[in-house]
Amino acid sequence: MNCRKLILNRLLDKYEKSSAYKGTASTNRRILINLCSDEFPEYNIEHTPTKELINSVVMDLEKEGIIGFEWMRFEKGNIISRIWLKLDALQEAYRQAERVPKREQVENALAMVYQLKSRVTSPWIRNFLEDAQAWMEQKLSIPPFLPEDSDLMQNLLKALLFIDTKGEDELLERVFSLRCFGDSKYFEKNLRRRLLGILKKYWQEEDLQAGEWTDDEILALIGIVKAPEQVEFCGNVLASIHGQAVDFSPLVHGVAINAPTIRDLVISDLPEVKRILFIENKANYVDYVFKRRTPEELVIYHGGFYSPVKGLFFKKIYDAACRCGITFYHWGDMDLGGFQIFKRLKTQIIPTLRPYLMDVDAFMSMKRFWQAFDSKYAQALEKLLNDEEYQEFHQLIQVMLKEKARVEQEAFLSCE
């Protein structure tokens, strides 16, 4: 081992966590390490060669004026008790440790954050940058969501700028990585987890911390997707694409359209449709389309928490349906995620949305498929009782809390 770098780095680690580093304590206060303790387990006094090597390095560093030390009582020349960093030799200590001073790291990071903040407009990115700036200015350290490695930090900020400036464009995750970093796997390997952490805390639209969103659904909010986004539906929809009339009505087993088509789609009419039903689960959607859909229904596969492009399609359907007095329903899991998905669709796009098979009777009818939940989950459910945006489910939630159970939508498939 390189004893010189080890000793210096251990002392510098302690210095950078100290009040002396932050300038809130007297510089006369020593940055000490007790060698015969857990602070420096490498100092093995039972192994003479190791002990003598470390003693020799410590004495050399003391002669160079970088550290000070003292011998253990009655063990002078044999066992060193403790060492300390001489603060007037900090620059030389950093140089010999081949280490960038923490204060310099923070100043460089602040400069990058200042620059990016002046260029981005997305509220969630600006909020993150403002918090990062405040953290660094107050604590003189790198905040949790920023990597300490300068290159990684620069690339994370580069990714945020790319996301801010790309607009509504949807990109495959690996295409995004390739365009941003010239490496299709760089984002997944190095930055995906960090970006997800930032989104969970700073995305203002929903409480992503509840644990019901998947990582892929969260990234889809900013237009980064694992696979090309599609919308599936079945029913009487008349539309046009670039002026060309399109009639989806004959496709009685359903149809899927991709993101560019969704953007170009102009819905002109929903002939004979009296009810629109969103279905959360894919298996239930397919089963309903094949076995239960009537000509008066438009059935739409909702999936989990919808992405911006799916939201655009839902909005186009809603605008067309409003002209015809059509009613809207949503069928999802009777659980925390299902309630959140319903609420999001209702509050953001369809204010007249009603639940379908998401009530006490439906819950009780699926008793043999109940799934138990723990106290933490119960606490999250109980919070919904204080939120009027979940009022459709308050009675159901009270029963679920009493029974300590939830029901997934797939349970209804077993009853057919």
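At a glance:
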| read-out | value |
| --- | --- |
| Share antiparallel - DSSP beta bridges, the chain, percent rounded to 5 | 65 percent |
| For the chain, built as a Gaussian network whose Cα springs stay under 10 Å, the top-fluctuating residue of Tyr318, Tyr21, Tyr301 | Tyr21 |
| Electrostatic dipole magnitude of the chain [Cβ: Lys, Arg +1; Asp, Glu -1; Cα centre; debye, to 20] | 860 debye |
| Among Asn2, Asn78, Trp124 the positive-end extreme of the charge dipole of segment 1-141 (Cβ point charges) | Trp124 |
| Cβ-Cβ FRET estimate between Glu388 and Lys282, R0 fixed at 30 Å, reported to 0.05 | 0.45 |
| Size descriptor, Kirkwood hydrodynamic radius, that averages inverse alpha-carbon separations across segment 45-89, Å | 10.9 Å |
| Calculated from backbone phi, Karplus (6.51, -1.76, 1.60) coupling profile of segment 248-253 in Hz, x at Gly/Pro | 8, 4, x, 7, 6, 9 |
| Dipole of the chain [Lys/Arg +1, Asp/Glu -1 at C-beta], most positive-end residue of Gly223, Asn281, Gly325 | Gly223 |
| Surrounding net charge for Ala239, when Lys and Arg each add one and Asp and Glu each subtract one, Cβ distance under 9 Å | -1 |
| Listed residues Gln115, Pro260, Leu32: farthest to the positive end of the dipole of the chain (Cβ charges) | Leu32 |
| Rg over Rh, two decimals, segment 1-155 (C-alpha only, Kirkwood Rh) | 1.10 |
| Column: log10 I(q)/I(0), Debye, Cα scatterers of segment 86-197, q = 0.14, 0.18 Å⁻¹ | -0.63, -0.93 |
| Surface per residue (accessible, 1.4 Å probe) for the chain, Å² | 50 Å² |
| Mean Cα-pair separation over length for segment 197-327, i.e. relative contact order, pairs under 8 Å, 6 or more apart, % | 27 percent |
| Fraction of accessible area attributable to carbon and sulfur, segment 152-280 (%, probe 1.4 Å) | 48 percent |
| Whole-number D in µm²/s for segment 327-404 (Stokes-Einstein; Kirkwood sum over Cα pairs; 25 °C, 0.890 mPa s) | 192 µm²/s |
| Amide H contacts under 5 Å for Val225, placed H, 5+ residues apart | Leu171, Leu172, Glu173 |
| Estimated 222 nm signal from helices in the chain, with DSSP H stretches of n ≥ 4 weighted -39500 (n - 2.57), rounded to 500 | -13500 deg cm²/dmol |
| Local electrostatic count, Ile262, Cβ distance below 14 Å [Lys/Arg +1, Asp/Glu -1] | -3 |
| Translational diffusion of segment 148-240, µm² s⁻¹ [Kirkwood Rh, Cα pairs; Stokes-Einstein; 10 °C; 1.306 mPa s] | 109 µm²/s |
| Three semi-axes of the equivalent ellipsoid, the chain, Cα gyration tensor, whole Å, largest first | 60, 26, 18 |
| Computed FRET value (nearest 0.05) for Lys402 with Arg323, which takes r as the C-beta separation and R₀ as 35 Å | 0.20 |
| Label point 7 Å beyond Cα of Ser414 along Cβ direction - residues of segment 345-379 with amide nitrogen under 12 Å | 366-372 |
| Dipole in debye (nearest 20) - segment 270-345, about Cα centre, beta carbon charges: Lys, Arg +1; Asp, Glu -1 | 180 debye |
| Sequence ranges 374-386, 304-316, ranked by mean other-Cβ count within 10 angstrom, highest first | 304-316, 374-386 |
| Computed over the chain: relative contact order in percent, which uses C-alpha pairs under 8 Å that are six or more apart | 9 percent |
| Note, ³J(HN,Hα) from phi for segment 354-360, Karplus 6.51, -1.76, 1.60, rounded to Hz, x at Gly and Pro | 10, x, 10, 6, 9, 9, 4 |
| Over segment 237-395, equivalent-ellipsoid semi-axes from the Cα gyration tensor in Å | 31, 17, 14 |
| Electrostatic dipole magnitude of segment 339-416 [Cβ: Lys, Arg +1; Asp, Glu -1; Cα centre; debye, to 20] | 140 debye |
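The values are calculated or read from the model by the stated rules, or taken from the named source; none is laboratory data. These numbers come from a predicted model, not from an experiment. Virtual Cβ from ideal backbone geometry, glycine too; neighbours counted across all protein chains shown. For accessibility, only protein heavy atoms count, side chains too; no ligands or nucleic acids. Shrake-Rupley method; radii C 1.70, N 1.55, O 1.52, S 1.80 Å.
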